[in-house]
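The structure appears below as structure tokens.
Bear in mind these aren't lab numbers, they're just calculated from the coordinates by the rules spelled out. Since the model is a prediction, treat every value here as computed from it, not as a measurement. Note: ideal-geometry Cβ built from the backbone for every residue, glycine included; neighbour counts use all protein chains shown.
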Amino acid sequence: MDYQSFFVDAINALHSEKRYRVFADLERIVGRFPHAIWRSERGAREITVWCSNDYLGMGHHADVVRAMAETAQGLGTGAGGTRNISGNSHPIVELEAELADLHGKEAGLVFSSGFVSNDAAISTIAKLLPDCLILSDELNHASMIEGIRRSGAQKRIFRHNDLEHLEELLKEAAPGRAKLIVFESVYSMDGDIAPIAGICDLAEKYGAMTYIDEVHAVGMYGPRGGGMAERDGVMHRIDVIEGTLAKAFGTFGGYITASRAVVDAVRSYAPGFIFTTALPPAICAATTASIRHLKASQVERDLQQKHAQLTKSVLIHAGLPVMPSETHIVPLFVGNPDLCKRASDMLLEEHGIYIQPINYPTVPRGTERLRITPTPCHDEALIYGLRDALIDVWHRLWLPLGRTAPANVGRMVAGGSRFEVFPPAGG
Ligand SMILES: *Cc1c(COP(=O)(O)O)cnc(C)c1O
């Protein structure tokens, strides 16, 4: 049997759909964020990154870098084991206390990544609840969908951010049945926000537990960077708050915070937590430094919002199809995978501007886009430079200018197949 041919065919299928992914070879430069060195066949050159999830530039912050370096010098590099067998370090214990405090919860638990935290926590919580029904927003992240799948629990999907539909589904479930509502606060590809208080009202009315993914909000919203639920004053009404350490906090790892009982149960039953090496102490110490800084400092949050607002208004004024986002995320609609890739290539190769094309399965087919993330370090000059480069690319690719992005792009989900990375069997 020609085993290799199966893999080659699978890759060719991606090429023919114009969604084969190419990673940019980058080297970030401390002190020069958001600039980086990009290496290609044509050599190395300096470019500006416009699509980083190091949303506040904390990955370069002097206190954070110093905490990581000093801890590695003092305590070594790796953790040396799982949490249970020799890998539990004082920095990880401190980090979990810091996270619990950030969200006003009894306890916190750190995982290898945000993906793992969703997968491990959702699957474990839903398994421990007898006959649990999961109610899941249709635009939930792949990591949450994976956790839901692996729980084996029954799931019902509610239309994106649609409280009426969620209530319909809650009403249809038996009153005494265990229910878990799983949703995000900021949806990262569209930049819209969940009606968190409304979901909490429904959860209380119908006796459901709530699980929120605040990955794209922690550090950036709320007076201490506790996320959208903190901003809206509803953190105490959410049962489980999940986040990442790898985006606005600028380091690596994921976490949940919740009651002592929920955290202890996940700690004790989730294979994705138990059977893997703990985060290195240096990562934990750096993260704690980052969280502490952002609890006290408003400067980064204010500048990020200011630059995101300016980017949106400058691009809209130029007639570029900015999708309606309520947050720091600025998605530009393209609607075609080939054009999206070509726009991205032209920006990088000719203008030194790096914005990775976003295609299926990250977003539904036909809604391909450029996702721009202005940070505190993207100043006015960079924003106007971005506008000029985008106009040039839009003209040369004959992309429409002066038209708004189609409304409700997030709703253009084709039959729930959004996250099928593999082609459906027989199709
Ligand atoms: C990025 C992301 C995650 C995963 O976090 P990592 O720390 O990168 O693994 C989880 N949920 C959402 C919504 C995300 O965008």
**Message:** Using 0.36 nm times the number of residues separating Arg260 and Arg177, minus their current alpha carbon distance, what extension gain do you get?
**Reply:** 27.6 nm
**Prompt:** So how much slack lies between Thr277 and Lys127, counting 0.36 nm per residue of separation and subtracting their Cα-Cα distance, in nm?
**Reply:** 51.7 nm
**Request:** Please figure out what share of the DSSP beta bridges in the chain is antiparallel and state it in percent, rounded to the nearest 5.
**Result:** 60
**Message:** Expected output is a single nm value to one decimal: the length gained when fully extending between Arg39 and Arg403, i.e. 0.36 nm times separation in residues minus the C-alpha distance. What is it?
**Reply:** 127.5 nm
**Complete:** Exposure proxy check on His378, His216, His165: fewest-to-most Cβ neighbours within 10 Å is His165, His378, His216
**Request:** Assuming a ≥ b ≥ c are the square roots of the Cα gyration tensor eigenvalues, decide whether the stretch 254-317 counts as rounded (a/c under 1.5), prolate (otherwise, with a/b larger than b/c) or oblate.
**Result:** prolate
**Prompt:** If amide H atoms are built 1.01 Å from N in the plane of the peptide, which residues on other chains or at least 5 residues away come under 5 Å of the amide H of Ile353?
**Reply:** Thr48, Leu348
**Message:** Using a Förster radius of 35 Å, what is the FRET efficiency between Lys306 and Glu164 based on their Cβ-Cβ separation? Nearest 0.05, please.
**Reply:** 0.50
**Request:** State the Cα centre-to-centre distance between the stretch 248-295 and the stretch 334-375 in whole Å.
**Result:** 32
**Message:** Order these by the 10 Å Cβ neighbour count, fewest first: Ile29, Ile125.
**Reply:** Ile29, Ile125
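Computed FRET efficiency, Cβ-Cβ of Glu17 and Glu326, R0 25 Å: what is it to the nearest 0.05? Each step should come with its number before you reach the end.
Values: r = 31 Å, r/R0 = 1.25.
Using R0 = 25 Å, I get an efficiency of 0.20.
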**Message:** Net charge within 14 Å of Trp38 by Cβ-Cβ distance, Lys/Arg positive one each and Asp/Glu negative one each, not counting Trp38 itself?
**Reply:** -2
**Asked** What is the percent of Cα-Cα separations in the chain that go past 42 Å?
**Response** 14
**5 angstrom amide H check on Gly254, placed H, neighbours 5+ away** = Phe111, Ser112, Ser113, Gly114, Leu245
**Net charge, Arg224 excluded, C-beta distance under 12 Å - Lys, Arg +1, Asp, Glu -1** = +1
**Item:** Candidates Pro34, Pro324, Pro130: whichever shows maximal mean-square fluctuation once the chain is modelled as a Gaussian network with Cα springs under 10 Å
**Value:** Pro130
**Message:** Assuming a strict under-27 Å limit between Cα atoms, what lysine pair count do you get for the chain once near-sequence pairs (fewer than 8 apart, same chain) are dropped?
**Reply:** 24
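Could you sort 87-96, 186-195 so that the peptide with the highest average Cβ count within 10 Å comes first and the rest follow in order?
By packing density, highest mean first, the sequence is 186-195, 87-96.
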